[in-house]
Amino acid sequence: MRFMKISGVVAAIALMAVISSSTASATILTSPAGNQLGAGTIIKGEQGGKIIFDPPFGAIECSQSTLEGETTNSGGASETVNVALSTLTFTSCNATVTVLKKGNLEIHTEGGSANNNGAVTMSSHEITVQYLGTHCVYNGPPVLIGAIVGRVVATIILKSILKRTGGSSGAFCGSTAEWTGTYHITAPGSLYVD
């Protein structure tokens, strides 16, 4: 897969299974490394390569996508870090992709390790895909959307299954759509998950 070009990806994706089954743990974000970020920190991301939605009727590819949000807490010994998204866009797509609800991100540390990686879950989101008269709505409860690799240029690696909750019925929309791709974090200048 195209997003597998980033070093450390295999370890980060393997980490997602562990985090998705665990409870909230100590999580803080730092930038630069060791300098804790507080509530109100702006997190921005831009896609690297294509963002792909893959419902049964075929791959929907977007060559431009952005996300931006603000942390609502600073994390700590018994909580994860939450990000309220103010921007989530998908453009230059081979279909019409519309965001109805931007949702929230939650960043989880690997826990007990100094590798600065973690996982990202998303909730309260709603995305529609329209293609050749087919209209599909995908959203749902909190869902693991991928891994975050903390670095000078941090990366969110998407690999998620979104549930269909509306739109056209039948085989065209299916019950789920796979969502894959990458976002490079452009703000803050570096991002580490501790």
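Against the numbered list (1) of a type in the set (A, V, I, L, M, F, W, C); (2) closer than 30 Å to G34 by Cα; (3) touching a Phe, Trp or Tyr at 6+ places or on another chain (Cβ under 9 Å), C136 comes up short only at (2).
Taken residue by residue, region 119-136 has at least one member that is closer than 16 Å to P55 by Cβ, of a type in the set (S, T, N, Q) and at pLDDT 90 or above. Summed over region 149-171, residues that are modelled with pLDDT under 85 and crowded, with 18+ Cβ neighbours inside 10 Å total 2. Assessment of region 68-83 against the conditions (crowded, with 17+ Cβ neighbours inside 10 Å and under 19 Å from Y138 (Cβ atoms)) yields no matching residue. Counting only strands (runs of 3 or more DSSP E) wholly contained in region 113-194, the ones carrying 3 or more residues that are closer than 21 Å to C62 by Cβ and without any contact (Cβ under 8 Å) to a residue 40 or more places away in the chain occupy 126-131, 134-139, 155-167.
Filtered by the rule that a residue be touching a Gly at 6+ places or on another chain (Cβ under 9 Å) and either farther than 14 Å from L67 by Cβ or at pLDDT below 90 (or both), region 96-118 gives H108, T109, E110, G111, N115, N116, N117, G118. Screening P55 with (1) surrounded by 19 or more Cβ atoms within 10 Å (Cβ to Cβ); (2) more than 27 Å from L29 (Cβ to Cβ); (3) at pLDDT 90 or above; (4) not β-branched (V, I, T) gives one miss only, at (3). Can you confirm whether I43 is in a strand (DSSP E or B), modelled with pLDDT under 95 and of a type in the set (A, V, I, L, M, F, W, C)? Taking the combined requirement at face value, the residue does not satisfy it.
The values are calculated or read from the model by the stated rules, or taken from the named source; none is laboratory data. Worth saying up front: this structure is predicted, and the values here are computed from it rather than measured. Please note: Cβ atoms are built from the backbone with ideal geometry, for glycine as well, and neighbour counts cover all protein chains shown.
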